[in-house]
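What follows is a short report on a single structure.
The values are calculated or read from the model by the stated rules, or taken from the named source; none is laboratory data. Everything numeric here is computed off the predicted structure, so don't read it as measured data. Heads up, the Cβs are rebuilt from the backbone with ideal geometry, glycines too, and the neighbour counts pull from every protein chain shown. The protein model used for the area step is the full one, side chains on, heavy atoms only, and it has no ligands, DNA or RNA in it. Shrake-Rupley method; radii C 1.70, N 1.55, O 1.52, S 1.80 Å.
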Amino acid sequence: MTLEDFTEFTDEGDGGGDAAGSPGDGDAADGDGEGPRAAAGRDGGRAASPGGDADGPRDDRDGAAGDAFAAYDVEPAGEDTGLGVVSVSQGLRVAEEAEETTLRAFVTTGNREAVRLGKYLLIPYPDGERLFCRITGLEYAQEFRSDDATEIHARRQMRRDDFAERDYKFMAELEPMSVVYGEGDEMKRRMTDRVPKPGAVVEEASDDAEIKTGLKIPEDGVFLGHLSVGGEKVRTAAEPPTVDYRVTDDYTDGDPLAFRHTLVAGGTGSGKTHASKNVLRQYLDSDRTYPTGDGRESRMAVVQFDPQDEYAQMHDDNPDLDDDFARRLDREGIAHGGHDDTVALVPRVANATYPGEGHRAERVEFTIPFSLARDMPWLVAGSGLNDNQYPALLTLLNRFFADYGDSGTYGQFLSYLDDPALKEQLDESGRVHEATFDAVKRRVRAVPGGVFDQDAKPITELDHTLVRPGGLSVVPTYHLPTSRQKEIVVLAVAGLLVDDKLSNDPDSDRIEETPLLVGMDEAHNFLADADNVQARKVVQKFTEAAKQGRKERLGLFLITQDPQDVAESVFKQVNTKVVLNLGDEDAISSVNIPSNLAGKVPYMEKGQMVVYSPDNSEPVELIGLSKCVTRHGD
């Protein structure tokens with residue numbers, strides 16, 4: 001018999017009625033509590049006499065009419081704290097191997113509705129240290145040795161409007177994550193190395209510092225979102241009550257994660273562009289600087305390739321961002337507002353016009369000079385050259401630029417290939433077989449016209465516009481007629497940036513010296529594995545860029561709805577993965593996030609995300625800002 005027995009029956013009756021122990025529906029044998037004890041419970045500890053009320057005379061067998069049972073206060077002393085207590089009923093063990101750990105808590109009846117999978121909890125040790133853990137399983141177990149799979153039990157439950165929580169144990173299975181200790185700014189964490197005491201009170205983690213310490217979330221850095229569990233923000237006793245999640249952005253504990261690369265993956269309508277804009281705006285904050293090779297501090301430059309003409313909107317304020325929301329952002333140190341230093345660098349292509357109606361950013365046109373093909377021959381290789389034909393293309397390009405210099409144009413190169421004497425000479429010398437020559441010529445002529453050498457300034461002469469400390473350069477491509485034209489423009493400009501970053505003798509000191517983040521939307525279209533020599537060369541270049549990024553202050557910010565199509569060699573270099581809603585199983589498995597979070601991905605609402613950044617924190621679930629910090633959409 002427990003306190004809950006009395007409490008429950010007190011709520012059910014009014015103290016009068018059936019004789020104690022009388023048969024029928026109220027029979028104690030039915031387990032419904034309608035017996036002498038129940039009668040006593042209904043009347044606050046006084047038993048009702050047969051056929052009379054609780055204040056009437058006692059039974060003649062007791063020999064003292066008019067005497068009543070003494071009333072006792074059954075209210076519990078003190079006040080309950082926490083959600084429950086550590087249980088040893090099924091073992092209590094922490095071990096180095098997760099599958100050998102057994103840590104469970106009994107959750108009291110009043111707290112059961114508030115408990116959810118993934119919730120973060122704290123268990124105190126006697127010396128003041130705390131075990132930080134999370135709920136990984138919830139289970140109802142039988143409280144008594146009885147069979148509830150019977151006709152009688154089922155029909156009784158079918159006649160009831162409520163559920164008797166006291167008849168069952170509610171158990172939470174816990175995963176130890178770390179031991180936290182210290183106070184305030186001195187709080188630290190270490191791996192789990194102690195087992196908590198049986199019966200220790202289990203409490204919901206509600207202190208901002210303890211939660212961040214337990215999850216290894218940096219106090220400062222680039223803001224991504226607010227910590228959440230099951231789509232609801234984690235609340236604390238602090239002001240503001242939310243827990244902000246940030247990624248490391250200084251050299252105190254290693255390299256800034258911007259230079260160790262980020263992947264944002266999400267399906268259509270998941271909010272990945274909204275989230276990406278909010279993150280990029282943080283990198284452009286005027287207070288954010290990085291050390292350069294010569295000892296100076298410099299702001300980061302961002303170059304964003306934009307297939308849908310959305311990122312140039314970052315120049316403008318968001319009209320839906322009201323004063324109250326802006327003040328909240330200020331309190332949390334989140335940069336917001338349009339970024340004035342935004343330039344739309346528009347590729348000029350024949351028979352294509354860029355309307356640019358969705359923003360007020362400055363526009364600067366540029367063209368791709370054919371001279372870039374000297375170092376990036378895959379720009380004119382198409383997709384059909386094999387391993388024998390690619391060296392032939394290199395030979396032809398080298399001979400052409402030796403004769404024409406960097407001023408040689410794509411049109412001149414086509415005319416150059418039409419020279420029968422050149423074909424005969426190379427064939428007779430054994431350098432390029434005539435059939436190979438013809439194959440290369442066909443592939444080069446298949447390159448879409450109107451991309452190279454148009455009536456605009458070459459991108460090679462716009463390095464100070466393309467890369468500006470603290471500036472955002474957006475390269476829109478949605479106005480280009482063909483996917484091949486878009487591919488040439490993106491790979492040419494991105495290749496130019498990577499080459500100058502990695503070269504010991506760069507053409508542009510501005511590019512080489514400035515911390516740089518290269519954002520590539522629809523990255524799967526440009527960095528995909530493919531069975532041809534051109535794709536392998538492109539992937540090889542960006543793989544090397546990713547490997548050398550931390551040293552050269554070059555970061556890749558890849559955005560895609562098909563992460564499974566991004567080349568594995570590039571993908572492996574990405575440290576921070578931001579995963580929004582994805583419905584495709586192959587896409588979800590490719591991002592390689594922990595299984596407990598991967599299962600949530602198909603069900604996440606717009607703006608919900610999972611962040612897996614092993615060098616920054618434990619894997620967590622976040623909710624992004626409900627409003628974009630710059631203009632977004634119509």
Scan of region 105-141 for residues that are in contact with a Leu (Cβ under 9 Å, 6 or more places away or on another chain), loosely packed, with under 13 Cβ neighbours inside 10 Å and modelled with pLDDT of 95 or more, ordered by number: Gly137
Residue match in region 211-226 (condition: in contact with a Phe, Trp or Tyr (Cβ under 9 Å, 6 or more places away or on another chain), open to solvent by 20 Å² or more (accessible area, probe 1.4 Å) and on the phi > 0 side of the Ramachandran plot): no
Failed criterion for Asp250 (all others in (1) free of Cβ contacts under 8 Å to residues at least 40 places away in the same chain; (2) open to solvent by less than 10 Å² (accessible area, probe 1.4 Å) hold): (2)
Residue tally, condition acidic (Asp, Glu) and more than 30 Å from Asp127 (Cα to Cα), over region 139-185: 9
Scan of region 107-155 for residues that are without any contact (Cβ under 8 Å) to a residue 40 or more places away in the chain, among the basic types (Lys, Arg) and outside any helix (DSSP H, G or I), ordered by number: Arg145
Pair list, Cβ < 6 Å and 6+ apart or interchain, from region 424-450 residues that are among the aliphatic types (A, V, I, L, M) to residues that are in a loop (DSSP other than H, G, I, E, B): Leu426/Val432; Ala446/Gly382
Single residue of region 408-444 satisfying the filter (among the hydrophobic types (A, V, I, L, M, F, W, C) and within 50 Å of the chain's Cα centre (by Cα)) that is surrounded by the most Cβ atoms within 10 Å (Cβ to Cβ): Val440
Single condition Glu618 does not satisfy, out of (1) within 22 Å of Arg281 (Cβ to Cβ); (2) within 15 Å of the chain's Cα centre (by Cα): (1)
Selection status of Asn596, at pLDDT below 95 and open to solvent by 30 Å² or more (accessible area, probe 1.4 Å): yes
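Output yes when any residue across region 463-473 is over 30 Å from Tyr283 (Cα atoms) and surrounded by 13 or more Cβ atoms within 10 Å (Cβ to Cβ), and no when none is. Reasoning before the result, please.
The initial filter retains those residues of region 463-473 that are over 30 Å from Tyr283 (Cα atoms), namely none.
Scanning region 463-473, I find no residue that is over 30 Å from Tyr283 (Cα atoms) and surrounded by 13 or more Cβ atoms within 10 Å (Cβ to Cβ), so the answer is no.
Is it the case, given these coordinates, that Ala344 is farther than 29 Å from Ile368 by Cβ, open to solvent by less than 20 Å² (accessible area, probe 1.4 Å) and in contact with a helix residue (DSSP H, G or I) (Cβ under 6 Å, 6 or more places away or on another chain)? Full working, then the answer.
Numbers: farther than 29 Å from Ile368 by Cβ: no; open to solvent by less than 20 Å² (accessible area, probe 1.4 Å): yes; in contact with a helix residue (DSSP H, G or I) (Cβ under 6 Å, 6 or more places away or on another chain): yes.
Spelling it out, it is not the case that Ala344 is farther than 29 Å from Ile368 by Cβ, open to solvent by less than 20 Å² (accessible area, probe 1.4 Å) and in contact with a helix residue (DSSP H, G or I) (Cβ under 6 Å, 6 or more places away or on another chain).
Out of contact with any helix residue (DSSP H, G or I) (no Cβ under 9 Å at 6 or more places or on another chain), in a loop (DSSP other than H, G, I, E, B) and not acidic (Asp, Glu): is that true of Gln485 in this structure?
On the way: out of contact with any helix residue (DSSP H, G or I) (no Cβ under 9 Å at 6 or more places or on another chain): yes; in a loop (DSSP other than H, G, I, E, B): no; not acidic (Asp, Glu): yes.
When the stated conditions are applied, Gln485 does not pass them.
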Positions within region 82-103 being touching a residue at least 60 places away in the same chain (Cβ under 8 Å), open to solvent by 30 Å² or more (accessible area, probe 1.4 Å) and outside any loop (DSSP other than H, G, I, E, B), in sequence order: Val85, Arg93, Ala98
Candidate set from region 233-247 (those that are touching a residue at least 40 places away in the same chain (Cβ under 8 Å) and part of a strand (DSSP E or B)); member that is surrounded by the fewest Cβ atoms within 10 Å (Cβ to Cβ): Lys233
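For every residue, the table says whether it meets (1) of a type outside the set (Gly, Ala, Ser); (2) in contact (Cβ under 8 Å) with a residue 60 or more places away in the chain; (3) assigned to a strand (DSSP E or B).
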{"site": "Val539", "(1), (2), (3)": "yes, no, no"}
{"site": "Ala545", "(1), (2), (3)": "no, no, no"}
{"site": "Gln548", "(1), (2), (3)": "yes, no, no"}
{"site": "Leu556", "(1), (2), (3)": "yes, yes, yes"}
{"site": "Val570", "(1), (2), (3)": "yes, no, no"}
{"site": "Gln573", "(1), (2), (3)": "yes, yes, no"}
{"site": "Val578", "(1), (2), (3)": "yes, yes, yes"}
{"site": "Leu582", "(1), (2), (3)": "yes, yes, no"}
Filtered residues of region 485-500 (kept if open to solvent by 40 Å² or more (accessible area, probe 1.4 Å) and closer than 20 Å to Arg374 by Cβ): Glu487, Asp499
Enumeration of residues in region 259-272 that are more than 12 Å from the chain's Cα centre (by Cα) and either open to solvent by 20 Å² or more (accessible area, probe 1.4 Å) or among the basic types (Lys, Arg) (or both): Arg260, Thr268, Gly269
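Within region 373-407, work out how many residues are assigned to a helix (DSSP H, G or I) and open to solvent by 30 Å² or more (accessible area, probe 1.4 Å).
Looking only at that region, the number is 10.
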Of residues in region 501-527 being within 25 Å of the chain's Cα centre (by Cα) and part of a helix (DSSP H, G or I), the one surrounded by the fewest Cβ atoms within 10 Å (Cβ to Cβ): Asn525
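How many of the residues making up region 144-171 are closer than 16 Å to Phe106 by Cβ and open to solvent by 80 Å² or more (accessible area, probe 1.4 Å)?
Residues of region 144-171 closer than 16 Å to Phe106 by Cβ: 144, 165-171.
Checking the rest, the ones that are also open to solvent by 80 Å² or more (accessible area, probe 1.4 Å) come to 144.
Looking only at that region, the number is 1.
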Every pair of residues 6+ apart whose Cβ atoms lie under 6 Å, when the first sits in region 320-333 and is closer than 13 Å to His226 by Cβ while the second is acidic (Asp, Glu) and open to solvent by less than 50 Å² (accessible area, probe 1.4 Å): Glu332/Asp244
Any chance Ala530 is more than 20 Å from Tyr478 (Cβ to Cβ), at pLDDT below 95, open to solvent by 40 Å² or more (accessible area, probe 1.4 Å) and aliphatic (A, V, I, L, M): yes
Residue satisfying all of: in region 608-634; at pLDDT 95 or above and of a type in the set (Gly, Ala, Ser); farthest from Pro256 (Cα to Cα) among these: Ser626
Where a residue in region 366-382 is modelled with pLDDT of 90 or more and its partner, wherever it lies, is β-branched (Val, Ile, Thr) and open to solvent by 20 Å² or more (accessible area, probe 1.4 Å), with Cβ under 7 Å and at least six apart: Pro369/Thr460; Phe370/Thr409
